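Here's the structure we're looking at; comments come further down.
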Amino acid sequence: MPGLFFSHNHPTELKEADCKLGEGKVHKRKQKAFGADLKSYLKSMVPHLESSNKSNTRNVMLSAEEVMQWSQSLEKLLASQSGQVAFREFLKSEFSEENIEFWLACEDYKKTKSDHLQDKAEKIYEEFVQIDAAKQVNIDYHTRKATAKKAQDPTFTSFDEAQKTVYVLMERDSYPRFLKSEAYLNLLNKLQVNGVK
């Protein structure tokens, strides 16, 4: 009598529980993948120190000091090319990499020559700002509407308000979690240990 086995669970409740269990496994797998991706990337950035010779330590591309500076502010993290890569990998693990991609696109947009502004503004708007955008960023209705209007007649500051909103979101939400992440702490620890040798 199959009914006896499921006396407390409705079949849809069971399916929901299975989905939640499956999502948990996917999330754990995603976190492990993030750690592995970041680890392999950063290994390529940090040559193995074969001796404590000072000339070798000068060749290290990524130092413990630089990685520690990432914890001072999001601005310092984003000022570092390696920091951007590490943070982007972390955001991928949280399914929110569109935030840093949008921020970087805005930074690039500000350096655009005037005759290319219209094309780039259109591309950024379609990719990140419009309501059904593939990588839609989390900005409020008024900012989205104002940005849409500014993108129609673009200037170098057309995306400033939206970029600032996304920056603050990353600063308050993702950045503190990044600093507590296993990948960041392991990297810092490894570099500090290598530096002591």
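The values are calculated or read from the model by the stated rules, or taken from the named source; none is laboratory data. Just so it is clear, the structure is predicted and the values come from calculations on it, not from any experiment. Glycine also receives a Cβ, built like all others from the backbone with ideal geometry; neighbour counts cover every protein chain displayed. We work out accessible area using only protein heavy atoms, side chains counted, and drop any ligands, DNA or RNA first. Shrake-Rupley method; radii C 1.70, N 1.55, O 1.52, S 1.80 Å.
Tell me, please, whether a residue that is assigned to a helix (DSSP H, G or I), in contact (Cβ under 8 Å) with a residue 24 or more places away in the chain, within 30 Å of Leu62 (Cα to Cα) and open to solvent by less than 50 Å² (accessible area, probe 1.4 Å) can be found in the range 144-154. Within the range 144-154 (the criterion being assigned to a helix (DSSP H, G or I), in contact (Cβ under 8 Å) with a residue 24 or more places away in the chain, within 30 Å of Leu62 (Cα to Cα) and open to solvent by less than 50 Å² (accessible area, probe 1.4 Å)), the answer is no, since none of the residues qualifies. With respect to Glu89, determine if the residue is crowded, with 18+ Cβ neighbours inside 10 Å and closer than 24 Å to Tyr175 by Cβ. So Glu89 fits the description; yes.
Restricting attention to the range 155-197 and to residues that are assigned to a helix (DSSP H, G or I) and within 30 Å of Asp115 (Cβ to Cβ), the residue that is most open to solvent (accessible area, probe 1.4 Å) turns out to be Lys164. Within the range 72-86, the residues that satisfy the criterion of being loosely packed, with under 15 Cβ neighbours inside 10 Å and either closer than 18 Å to Arg177 by Cα or at pLDDT below 90 (or both) are Gln72, Ser73, Glu75, Lys76. Under the condition of being polar (S, T, N, Q) and touching an Asp or Glu at 6+ places or on another chain (Cβ under 9 Å), which residue from the range 119-143 is least open to solvent (accessible area, probe 1.4 Å)? Top of the filtered list is Thr143. When Leu104 is tested against the conditions (1) in contact with a Leu (Cβ under 9 Å, 6 or more places away or on another chain); (2) part of a helix (DSSP H, G or I); (3) surrounded by 16 or more Cβ atoms within 10 Å (Cβ to Cβ), the lone failure is (3).
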